[in-house]
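Report on one structure; see the data block that follows.
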Amino acid sequence: MNYMEMKQLTRRQLFTIKKRENLEKKVRKFWEETGNVDLVTEYIIAILLRNALVVSDFSLPCQELVRELLFHAEPSEMLKKFCPFLKDYVEEHEWLTVIKRLFKTETNYYKATKKVRIYESYLKNKGTAEITEKYDSYTLVSYFEDEDGKKHTWKLRDADPRNSLEEAKRILSILTKMTIFKKGNIRQFAKFLDCECHGTTTLYSSRAPKKQEEKQVAFESEEIKAVSEGETDLLNGFDLQLLNKDQLITLIKSLLKEAEAIMHEAELGDISEEDFEMLPYNNLISQKTNLNDRIAPETTDKALKTTKSTCSKDENERTLVAAGTMPEALVEKPSEVKTAPKKYYKKQERALMKRFGKI
């Protein structure tokens, strides 16, 4: 019996048969009856893809059969195309032997598998999530276009909730490289569109960005509320490893605001009225402020002439005293000029003066 006479495995069988042993038996039987390398290779890839998406363990299915394909089967185009996904079936020192058998040289291998090797790491996930009595079953809903551009939906039960939205998208995109899933003669998974995961709650969905934005806004509101209410420990109740980049930035900003408020209060709140009398005024204002620079003395022509004449007289008298020609008793000491220039204060300075009754 050739593979044309035996009924091919369907998508339903490859993705819904619950027992791993039963699924492996069907694949081996098809191989024994048909010897079709291309179809069996894609069946194996489909099961590996299922293993990456679901909780149940379907890792490295049909190990003996796959080794037979790699070491003895005819090097078909499909086997060459997908062989990077089968690398874990052989030892590291055996892989070079497989490459030389299928491609003759390593250069040919890297050139022929360039596009597929991008997806190689996506199927490394293993279905090892622990199932408990409280475990929720999730369904992965994905959306594709077929070769004719017609949209269709595909649902996969037992989805692994540990996969993120981006991880699920990368894994599902491998379906677009496969050829076995058809409806009539039309290949179904020609173009990947989107996906979402549903269970008791929606784990991820790029189809509902508004809800995700609302969650983010709610998180930021809680952080701001915590600061305004004087919460002493902003980190309480948060696992930093579970926060994303935006949430961490929001948390850091809140901490900086809280620290700034505490420092400002410490600078102004601990100064008593007695301390205010003892400390020079310039110590209570910012170092960048110089009150002398804010004095605006009168600069009339009369004042300038008086200053010049006084300076000249003082200089002459000091010269006579130094030369010993003028008695010290006759030296007039410069009279102290008391002025009361108008001072201008900043808003913060006026508030501080007012607080202690100085204005």
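The values are calculated or read from the model by the stated rules, or taken from the named source; none is laboratory data. On a predicted model such as this, the values are computed, not experimentally measured, just so you know. Here Cβ is always computed from backbone atoms with ideal geometry, including for glycine, and neighbour counts include all displayed protein chains. Each accessible area value is taken on the protein alone, full model and side chains, heavy atoms only, with ligands, DNA and RNA left out. Shrake-Rupley method; radii C 1.70, N 1.55, O 1.52, S 1.80 Å.
Overview of values
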| item | result |
| --- | --- |
| D (Stokes-Einstein, µm²/s), Kirkwood Cα radius, the stretch 53-101, 0.692 mPa s at 37 °C | 282 µm²/s |
| Peptide ranges 159-168, 7-16, 48-57 listed from the most packed, as the mean C-beta count within 10 angstrom indicates | 48-57, 159-168, 7-16 |
| Area accessible to solvent at residue 26, 1.4 Å probe radius, in Å² | 90 Å² |
| Gained length - residue 167 relative to residue 72, 0.36 nm times residue gap less alpha-carbon distance | 30.8 nm |
| All-pairs Cα distance distribution in the stretch 20-120, expressed in whole percent, bin size 5 Å | 2, 13, 24, 25, 19, 11, 5, 1 |
| Largest-first ordering by accessible area, 1.4 Å probe, given options 151, 18 | 18, 151 |
| Karplus 3J(HN,Hα) series, Hz, for the stretch 38-50 with 6.51 cos²θ - 1.76 cosθ + 1.60 (x for Gly, Pro) | 4, 5, 5, 4, 5, 4, 5, 5, 4, 5, 5, 5, 4 |
| Inter-label distance, nm, simple model (7 Å from Cα along the C-beta direction), residue 177/residue 114 | 1.5 nm |
| Members of 7/80; 25/87; 80/191; 115/183; 114/177; 25/124 lying beyond 18 Å, as alpha-carbon distances in this model show | 7/80; 25/87; 80/191; 115/183; 25/124 |
| Long-range HN-HN contacts of residue 187 with modeled amide H, under 5 Å | 147 |
